[in-house]
1. Between residue 276 and residue 235, what length in nm is gained on full extension when 0.36 nm per residue of separation is reduced by their alpha carbon distance?
2. Any chance you could tell me what percent of the C-alpha pair distances in the chain go past 37 Å?
3. So how far apart, in nm, are the two label points at residue 3 and residue 335 if each is 7 Å from Cα heading toward Cβ?
4. To the nearest 10 degrees, how steeply does helix 108-122 sit against the main Cα axis of the chain, on a 0 to 90 scale?
5. Taking neighbour counts of Cβ atoms within 10 Å as a proxy for exposure, in what order, fewest first, do 166, 328 appear?
6. Tell me, what is the FRET efficiency for residue 343 and residue 35 to the nearest 0.05, using R0 = 51 angstrom and their Cβ-Cβ distance as r?
7. What are the extents of the Cα atoms of segment 226-366 along their three principal axes, listed from largest to smallest and rounded to whole Å?
8. Write down the Å³ per residue value for the convex hull defined by the alpha carbon atoms of segment 180-242.
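What follows is calculated from the coordinates using simple rules that are stated; it is not laboratory data. The model shown is predicted, which means the values in this text are computed figures rather than measured ones. Note that each Cβ is placed from the backbone with ideal geometry, even for glycine, and that neighbours are counted across all protein chains shown.
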Ligand code: DAH
């Protein structure tokens, strides 16, 4: 039987002399590991008679405890030294700027739709939506453009092979006007809505893209007349362009879904080669720019939308959102709106944080 006191002395000396955590771990394995020498001594206890065990066990257990304690103490010393060293070598410079992260921006079309929703919300208009894949009946027939109506030619669009439930074929809506019919059918009268959204035509050149954005306006009530239309348009355009100097010219026009129909022009002035809104278009150096279509809702449309045209009248208007954005923010190429060029967006885009909008919190958008 080896002398446990001698083993202990030697082990403690070696543990004290160990220089790093790896050397210490090697000692732990040598003494206390599964095949370790002290573990082997422990195993001999099992083969002893009870008397012998009673006599020898305390010394062996004392040896194991003392070696285990010494290893744990030495390990704690190594750990705290390592921590000290890390704390001394690592410095945290709180004055360093955080690394830049890519930040998205709000597309001008979304921004303008938000602005318009906000302006019209102030005038008591709700936001209505309709599907972009539309039924021929809502897009044309119910708007007083029956099959073979010549006005359909100006609305050449993309058709689906699927037959539409109400006749004709399904198509990509050519304007937001079908939302007028859908809303009257769903909600009845009176109502005041705007319907912003995407519309489609098979057209593509410098001033036309196959997909673009419109905002439709509709007011249905008793005793509505053109004066209400003019005031509403003037109020909205002054708020949108943030100037009192907006002069409108209402020209007789034709749309199948309005009677009478008016084309609305706005006066502008050429400043440094650019069109700047303001003043009468008839003044020297000025001109008129076509801005939007509108009129009193045709009684046939009111009828097809399930209302009695002798009781309910209203006005409607439709305007290109992309066009409004270009005018307000001085952008000159419509196609750039849909190129997805990040540089263009960084130049013209809006920060979601700098410009919180009321409607972003209020409204549904198409
Ligand atoms: N839907 C027409 C278009 O896309 C625009 C329009 C004109 C809408 C007159 C209206 C309106 O509501 O009254 O060309």
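1. Stretched fully, the residue 276-residue 235 segment lengthens by 12.9 nm.
2. 47
3. About 10.0 nm, to one decimal.
4. That works out to roughly 70 degrees.
5. Lowest to highest Cβ neighbour count: 166, 328.
6. That pair, residue 343 with residue 35, gives E of 0.15.
7. 53, 43, 27
8. 119
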